[in-house]
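Values quoted throughout were computed directly from the atomic coordinates according to the rules given, and no laboratory measurement underlies them. Keep in mind that this is a model prediction, so the values were computed, not measured. Using ideal geometry, Cβ is built from the backbone for each residue, glycine included, and neighbour counts are taken over all protein chains shown.
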Amino acid sequence: MSVSLVLLIVMAVLYACGIYLMLERSMTRVLLGFLLVGNATNLLIIIMAGQSGVAPIVEDGVTVDEMTDPLPQALILTAIVITFAVSAFLLALIYRSWRIEQDDDVDDDEDDVAMRLGDTGVPVEQTDAASVDTEFGIRAEAAITEARNLEEQDELAAAEAAGLSEHPQNDDKQNVDNQKTEKGAAE
């Protein structure tokens, strides 16, 4: 089994260029680097498959030693699909970043920079009490209070209903007493 030196060199160059591009700040370069690393991985799998041979279909007169292993081919197809899916996701991220900021560079987060510099505490974002952070505006607190009041009323009504149904004999006695009182009042 001999491995082509040209394939090894091409694979190594693809890995090196791909990793270099993935370490850049530009999302477009990260995507290109990911594509290069994906292709280098496919070459690695091809190299590891060994010598090419006959298709792995059982026929008369073809021995197992003459056939090519189908597993590396299946792995390459899987790697192509995964590379395509991740590339589509990265393209969507790049497009979204470009639409929002007109830039595809990844910036450092302030909290990450503070932690890298060894600051003991991460600065807390100051919020203004007057600023409203919900889509309902000022009405949000009133809606929450009203919802809580409705829940309490529902719980009380359910408790009263459960209290009446727990003692059906007392309810029947009260109904009989009420009927007697009504008859007495009517006479």
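Amide H to amide H, which residues 5 or more places from MET67 or on other chains are under 5 Å from it, using H placed in the peptide plane?
Under 5 Å from the amide H of MET67 lie the amide H atoms of VAL54, each far enough along the sequence or on another chain.
Using the eigenvalues of the Cα gyration tensor, what equivalent ellipsoid semi-axes result for the stretch 34-91 when each is taken as the square root of five times the eigenvalue, whole Å, largest first? Before the final figure, lay out each step's value.
Values: eigenvalues 184, 26, 6 Å².
In descending order, the three semi-axes are 30, 12, 5 Å.
Which ordering of VAL62, VAL113 is given by a fewest-first count of other beta-carbon atoms within 10 Å?
Values: VAL62 14, VAL113 11.
So the ranking, lowest neighbour count to highest, is VAL113, VAL62.
Give a residue-ordered list of calculated ³J(HN,Hα) values for the stretch 48-56 (Karplus: 6.51 cos²θ - 1.76 cosθ + 1.60, θ = phi - 60°; whole Hz; x for Gly, Pro).
For the stretch 48-56, the Karplus-derived couplings read 6, 5, x, 5, 6, x, 7, 4, x Hz, x marking Gly and Pro.
Kirkwood hydrodynamic radius (Cα pairs, Å) of the stretch 1-119?
17.3
Do you know the relative contact order of the stretch 1-119, to the nearest whole percent, from alpha carbon pairs under 8 angstrom that are 6+ apart?
RCO, the stretch 1-119: 26 percent.
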